[in-house]
Amino acid sequence: MTITLTTYGLKKRPKSLGLGVFDGIHIGHQGLLAQCDALLTFNPHPVTIIQNHITVERLTTIKEMTHYVDLLYVLEFNKNVANLSAYDFLNLVVLNKINPENIVIGYDYYFGKNKEGTPTLFKEWAQQHNINLTIVDPIKNETKAIKSKSIRSEIKQGDFDQAIKDLGHSYLMIGHVIKGDNRGKSLGFPTANLEFPDEKLIPQHGVYKGKISYENQSYQAMIYIGSKPTFNATTTSVEAFLLDFNGDLYNKTVNLFIEAYLRPEKQFQSKEDLVNQIKTDIHAAFNT
């Protein structure tokens, strides 16, 4: 069978390899990543192949993951890979393709067909191959272990501040700037209209503060996610107004970092009311 493994970063034998899906690179993942110089992940998300009726909106695309990880191995996950036994996965992928000196996994890392690969099985295999295996304990917030699934729910259902706490960083969205309707420009607030991969999780409608990074420069940004009810639009858009930026970002790729939720989306009676609210939002977010 063909095993497709793509490497992002400087190709070298990793001293310590972390294994997992790592969607979000949240605080729990960061505890593992702190002990590694490389990660092995999977694309597409394994659950979408194992249970093919399920779709997963990703907190972190592969491109976004390279922002956090210097050396990233991405295994193309398909039916053949899903049907590998635990030992075949360890021997054919981990040992033959990467051959790390040390391996780090989470307490809940199960792998191989029917999840037959347990941390205990992994430990026995590692000992047989003189590889040191570290198993990382769960990291919890105030109430429970931090999980990507919970963070997705928090972002989609409006508990964005808790999501940011659990992520341990702002919410990164790498997007492509596309042509919009120029309505923001006509209001005196020209915006960058952003397009994202289909699998990317888009936060709940509302107004947010954050930053946009482009060509090694960072700009404060007001971010709007919604369907523009004031103008009777129907599709969801993501727009960012960059403070202190002069230039054209059309057709460029930018890094959007959403830092905090400000207020819900709402419909205004007039353009003037909308402009006044935008000014209020900017002042509240940046004290300008």
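Taking square-rooted eigenvalues a ≥ b ≥ c of the alpha carbon gyration tensor, is region 38-101 rounded, prolate or oblate, where a/c under 1.5 means rounded and, failing that, a/b exceeding b/c means prolate? Kindly include the intermediate steps, with their values, before the conclusion.
On the way: a/c = 3.27, a/b = 1.06, b/c = 3.08.
Oblate is the answer for region 38-101, as a/c is 1.5 or above yet b/c matches or exceeds a/b.
For region 212-288 and region 94-144, compute the distance between their C-alpha centroids and round to whole Å.
Region 212-288 and region 94-144 have Cα centres separated by 42 Å.
What residue among Ser148, Ser213, Ser270 shows peak mean-square fluctuation when the chain is described by a Gaussian network model with Cα springs under 10 Å?
Top of the fluctuation ranking is Ser270.
Could you grab the relative contact order for region 110-256? Cα pairs under 8 Å, six or more apart, rounded to a whole percent.
20 percent
Taking every DSSP beta bridge with both residues inside region 5-136, roughly what % is antiparallel (nearest 5)? Write out the running numbers ahead of the final one.
Numbers: 5 of 21 bridges.
Of the beta bridges lying entirely in region 5-136, close to 25 percent run antiparallel.
Given points 7 Å out from each Cα along the Cα-Cβ axis, report the Thr280 to Gln128 separation in nanometres with one decimal.
Label-label distance for Thr280 and Gln128, simple model: 6.7 nm.
Measure of size requested: the Rg and Dmax of region 114-260, with Cα atoms as the atom set and Å as the unit; please supply both.
Rg and Dmax of region 114-260, Cα atoms, are 20.3, 67 Å.
Taking a 29 Å limit on the Cα-Cα distance, which of the listed pairs Lys11/Lys123; Lys200/Lys271; Lys79/Lys147; Lys63/Lys156; Lys15/Lys252 fall beyond it?
Lys200/Lys271; Lys15/Lys252
Add -39500 (n - 2.57) for each DSSP H run of 4 or more in the chain, then divide by its residues: what number comes out at 222 nm, to the nearest 500 deg cm²/dmol? Spell out each step's value before the answer.
On the way: 9 runs with 71 residues, N = 288.
Computed ellipticity for the chain at 222 nm equals -6500 deg cm²/dmol.
Relative contact order of region 5-136, please, whole-number percent, based on alpha carbon pairs below 8 angstrom and at least 6 residues apart.
About 31 percent, as a whole number.
Pairs of Cα atoms under 8 Å, at least six residues apart: use those to get the relative contact order of the chain, whole percent.
On the way: 520 pairs, mean separation 46.9, N = 288.
Across the chain, relative contact order equals 16 percent.
Could you point to the residue in Val93, Thr118, Leu40 farthest towards the positive end of region 5-136's charge dipole, with +1 and -1 charges on the Cβ of Lys/Arg and Asp/Glu respectively?
So the residue furthest toward the plus end is Val93.
Which of Lys211, Lys156, Lys179 moves the most in a Gaussian network model of the chain with Cα springs under 10 Å?
Sorting by GNM fluctuation, first place goes to Lys179.
Where a number appears in this text, it was derived from the coordinates with a stated rule and is not lab data. Only a predicted model underlies this, so the values are computations on that prediction, with no experimental measurement involved. Note that each Cβ is placed from the backbone with ideal geometry, even for glycine, and that neighbours are counted across all protein chains shown.
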